[in-house]
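The values are calculated or read from the model by the stated rules, or taken from the named source; none is laboratory data. Here the structure is a predicted model, which is why all the values come from computation and not from measurement. Heads up, the Cβs are rebuilt from the backbone with ideal geometry, glycines too, and the neighbour counts pull from every protein chain shown. Just the protein is used for accessible areas: all its heavy atoms, side chains included, with ligands, DNA and RNA removed. Shrake-Rupley method; radii C 1.70, N 1.55, O 1.52, S 1.80 Å.
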Amino acid sequence: MSGPQDPTGAEIVIRALKDHGVRHIFGYPGGAVLPIYDALFQDEGIEHVLVRHEQGATHAAEGYARSTGKPGVVLVTSGPGATNAVTGLTDALMDSIPLVCITGQVPTHLIGMDAFQEADTVGITRPCTKHNWLVRDVRDLPRIMHEAFYIATTGRPGPVVIDIPKDVQFKRGPYVGPSNIKHKTYQPRVKGDLKKIEQAVEMIAAAKRPVFYTGGGVINSGPLASQLLREFVRMTGYPITSTLMGLGAYPASDKQWLGMLGMHGTYEANLAMHGCDLMIAVGSRFDDRVTGRIDAFSPNSKKIHIDIDPSSINKTVRVDLGIVGDCAFVLEDMIRLWKAKLLKPDRSALSAWNMQIDGWRARNCLAYKPSADVIKPQYAVERLYELTKGRDTYISTEVGQHQMWAAQFYRFEEPKRWMTSGGLGTMGYGLPAAVGIQVAHPGSLVIDIAGEASVQMTMQELSTAVQYDLPIKIFILNNKYMGMVRQWQQLLHGGRYSHSYSEALPDFVKLAEAYGAVGIRATNPAELDDKIKDMIDVNRPVLFDCVVDQNENCFPMIPSGAAHNEMILGDAATDPTVSEAGKVLV
Amino acid sequence: MPNQPGSAYFLVDTKEKEIRTTLSVLVDNEAGVLARVIGLFSGRGYNIESLTVAEVDHLDHTSRITIVTSGTPEVLEQIRHQLERLVPVHKVVDLSTEKPGIEREMALIKVAGAGEKRVEAMRLSEVFRARIIDTTHSSFVFELTGTQQKIDAFVDLMKPLGLVEVSRTGVVAISRGAEAM
């Protein structure tokens, strides 16, 4: 029963958002969502960030979520509002980012009538969300709102969509708070099976050539997981590598750190993975960019896999011991059991293993040919790192070569400082993500390391940054090519550069000025440091056009269908025999 | 296997044998739940040989979906985990490997003919214990319950005797013994 004193559906949405501690939402108004915008207008306490395209809202919410650990909230209208959000929802699903996306829908009596701005939002978003709802009755709305936050943020996090028809937003119904909500079927498991954990620590203690392989799950689990990971890795003294999504969980400055692994990972990380006798996978999912050729992946190792999602275990790689649970809980149990059993690593085996790894490190796989005339993109990221490393810095990226160089050359010491589109590989992610990060961390330095192709996909969000005084820095490594496409065409398609060169590019400095932001251009290495300092010093959004070497390739690289031990090293690899052997593979 | 130019994926040719299995899936009967299950199978490239669904508890709003699928043991394990990941799914039980189950399917089979063929169709229906649920001077509709193989056999026998059309429910299954799934 509902009375005139009950809140409207729109007010219920706002109350539920506040009950879940939401401070910021990213959105774009439209006809079918106007009642919620009206409720928002009459309410204090939730700040709305108006984006320029709904895809931008989803990426901003992702950046917000990933840099805070809180869910990102998106509010868009029906039809095109919802379909524009699909890329960001899919991105969040692939990278396990908690998003709550509220979409307006045409009134219930018009659903199925091909009404104006009608789309089957729950149908379209079903495969790109963790769960979604169409709210047909306002009395279901409070429960669904709370379930949505619960499902988005617990277990393996992910995006959810709540599709609310316009008449439901107007209807009145009772509000029920979040504490009374329990879910019938959805109960994620967080504690790992103790027997298996016991077995795992014994395997870990017995290993001769172990390696930790950690992923985004450690970041998603929260700061405690990173802390426990550091503690356990240091207790064992074992080397550790991480996926693209896991960077920052373990400090890059530590001596046990091998760098990122995978297609553009380091030589030492990939060879350690290939040659290990025990792999300890924590919150990572054996993605194809990580494993390379699957039937030659780490052929002689036993594998332990800790993951909160049971479907991740044995999905692509068969493991010897799968532990389902939140990695913070599992790592805590591992540390406790390791101590209780007085386990010790095999020192002599470990020192032999470390010596072998040091040999691989000595190849200096990230070396590149320096230049005094043109800015090498690797050099640009190195300088950016050197000039920002002492600061409170957050980095986002677009997708492509610049993203890999950022992962290789920017060194992350802490979790939640690195925001990138890993699973979906969404060009255009970084700029709106930076907007979301800056909203969450107003005083911090937020830099989008970008490519000139990617950044143009969501360039309009610079206008959002200007509107809300968000001093994000967009650091474009401009090589006029879709660099990663060009690299693949060079290596795999006989240098036929089919449609990967941008014949026309905007003048990014003028473009910045047109948006009301600051434009800076650097064209030679001598001026780079000063220009970067200018960028950092100005407290306004900056579009930095860093004109770099057009033909630089991103190495090391595991080519298609190759195994970890068949990587191609760059021209400047110090050991000529390896680089010759590597070249044969191309 | 040679490198595949232009692709980072190494397409592994799994030589493992595919096996057939029957899954019983208990779900909340909410809007779109069947679409979630079917979308999962089509989106991830799993096979569906048969799928049936109906509400089994009206008060609890739970439905039971029976899916006959096939794949390598790895794929079948994935299917099961992926189903369990769907929010409205209560429980998934494999009634081929995990618990011994019984399977039945029902079919309605229309046969038209006269003379010898008509008599033969009726005689065979008795052998298969099919029921005649509709008849005219020139046709029968048989109702037949049994395993998929039994129905296939009956349908094959009816082909030369004037088979018109077949409507089948797909497989439903339940575990043996006293316990629920």
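Summary of the geometry: the range A:323-379 and the range A:482-557, compared by the centres of their Cα atoms, lie 32 Å apart.
Only Lys, Arg, Asp and Glu carry charge here, each on its Cβ (+1 for the first two, -1 for the last two); on that basis the range A:197-263 has a dipole of about 220 debye about its Cα centre.
Against the main long axis of the alpha-carbon atoms of chain B, helix B:33-43 sits at an angle near 70°.
Could you work out the relative contact order of chain B? I mean the mean sequence separation of Cα pairs under 8 Å and 6+ apart, divided by the number of residues, in percent.
Numbers: 312 pairs, mean separation 43.5, N = 181.
Worked out over chain B, it gives 24 percent.
In the structure shown, the pairs A:Lys182/A:Lys473; A:Lys480/A:Lys531; A:Lys166/A:Lys473 are assessed against 32 Å; a Cα-Cα span above that value is assigned to A:Lys182/A:Lys473; A:Lys166/A:Lys473.
What separates the Cα centres of the range A:70-127 and the range B:34-94 is a distance of 25 Å. Taking a Cβ cut-off of under 13 Å around A:Leu424, the surrounding Lys, Arg, Asp and Glu residues balance to a net charge of -4, with basic ones at +1 and acidic ones at -1. Computed from backbone phi, the HN-Hα couplings of the range A:334-341 come to 4, 4, 4, 5, 4, 5, 4, 8 Hz, rounded to whole numbers (Karplus: 6.51 cos²θ - 1.76 cosθ + 1.60, θ = phi - 60°; Gly and Pro given as x).
Where Lys and Arg each count +1 and Asp and Glu each count -1, what net charge lies around A:Gly104 among other residues with Cβ under 13 Å from its Cβ?
Details: positive: A:Lys166; negative: A:Asp38, A:Glu54, A:Glu118, A:Asp163, A:Asp167.
Around A:Gly104, the surrounding residues sum to -4.
Sequentially through the range B:68-84, phi angles give Karplus couplings (6.51, -1.76, 1.60; θ = phi - 60°) of 9, 9, 9, x, 5, x, 5, 5, 5, 5, 4, 4, 4, 5, 5, 5, 5 Hz, Gly and Pro residues having no value and appearing as x. Per-residue ellipticity at 222 nm from helix content only, as computed over chain B with -39500 (n - 2.57) for each DSSP H run of at least four residues, stands at -8000 deg cm²/dmol.
Ignoring ligands, DNA and RNA, how much accessible area is buried between chains B and A, both sides summed, with a 1.4 Å probe, to the nearest 100 Å²?
Details: alone 11070 and 22740 Å², together 31540 Å².
Approximately 2300 Å², summed over both chains.
The fraction of accessible area contributed by carbon and sulfur in the range B:19-100 is 55 percent, rounded to a whole number (1.4 Å probe; ligands and nucleic acids excluded).
Rounded to the nearest 10 degrees, what's the angle between the helix A:223-236 long axis and the longest principal axis of chain A, both from Cα atoms, 0 to 90? Its long axis makes an angle of about 20 degrees. Summarise the accessible area of the range B:102-174 (1.4 Å probe, protein heavy atoms) by the percent that is carbon and sulfur. So the carbon and sulfur contribution to the accessible surface is 57 percent.
Residues of the range A:252-269 with backbone nitrogen within less than 20 Å of a virtual label 7 Å along the Cα-to-Cβ line of A:Glu386, please, listed as ranges. Hits in the range A:252-269 for A:Glu386 at 20 Å: A:252-254. Note the angle between two axes, namely the Cα long axis of helix B:148-158 and the longest principal axis of the Cα atoms of chain B, as a number of degrees from 0 to 90, rounded to the nearest 10. Once rounded, the angle reads 40 degrees. Going from the chain on its own to the full set of protein chains, the range B:19-65 has these residues losing 20 Å² or more of accessible surface (heavy atoms, 1.4 Å probe, no ligands, DNA or RNA): B:Asp28, B:Ala35, B:Arg36.
Between B:Glu179 and A:Glu47, the modelled labels are 5.5 nm apart [label points 7 Å from Cα along Cα→Cβ]. With θ taken as phi - 60° and the Karplus curve 6.51 cos²θ - 1.76 cosθ + 1.60 applied, the whole-hertz 3J(HN,Hα) list for the range B:109-117 is 10, 9, 10, 10, x, 9, x, 3, 5 Hz, x standing for glycine and proline. Taking amide H atoms as placed 1.01 Å from N in the peptide plane, the amide H of B:Ile132 lies under 5 Å from those of B:Glu143, each 5 or more residues away in sequence or on another chain. Averaged per residue, the protein assembly as shown has 41 square angstrom of accessible surface, using a 1.4 angstrom probe with ligands and nucleic acids left out. Remark on the range A:179-201: accessible area falls by at least 50 square angstrom from chain-alone to full-complex state for A:Lys184, A:Thr185, probe 1.4 angstrom. List the residues of the range A:549-568 whose accessible area drops by at least 40 Å² when all protein chains are present, compared with their chain alone, using a 1.4 Å probe and counting only protein heavy atoms. Residues of the range A:549-568 that lose at least 40 Å² of accessible area once the other chains are added: A:Ser560, A:Gly561. Residues whose amide H falls under 5 Å from that of A:Lys191, counting only those 5 or more places apart or on a different chain, are A:Asp326, with hydrogens built in the peptide plane. In this simple spin-label approximation, A:His109 and B:Gln149 carry label points 7 Å from Cα along the Cα→Cβ vector, and these lie 5.8 nm apart.
Sequence-distant contacts, meaning Cα pairs under 8 Å at least 6 residues apart, place the relative contact order of chain A at 14 percent.
If we count every other residue with Cβ under 13 angstrom of A:Met482's Cβ, Lys/Arg +1 and Asp/Glu -1, where does the sum land? Result for the local shell: -1. For B:Val171, the amide hydrogen comes within under 5 Å of the amide hydrogens of B:Leu51, counting only partners 5 or more places away or on other chains and with H modelled in the peptide plane. Per-residue ellipticity at 222 nm, computed for chain A from helices alone with -39500 (n - 2.57) per DSSP H run of at least four residues, works out to -11500 deg cm²/dmol.
Rolling a 1.4 Å probe over the protein heavy atoms leaves B:Val166 with an accessible area of roughly 60 Å². For the range A:1-138, what % of the accessible area comes from carbon and sulfur atoms, probe 1.4 Å? Result for the range A:1-138: 54 percent of the exposed heavy-atom area is carbon or sulfur. Normalising the average separation of contacting C-alpha pairs (under 8 angstrom, six or more residues apart) by the number of residues puts the relative contact order of the range B:102-174 at 52 percent.
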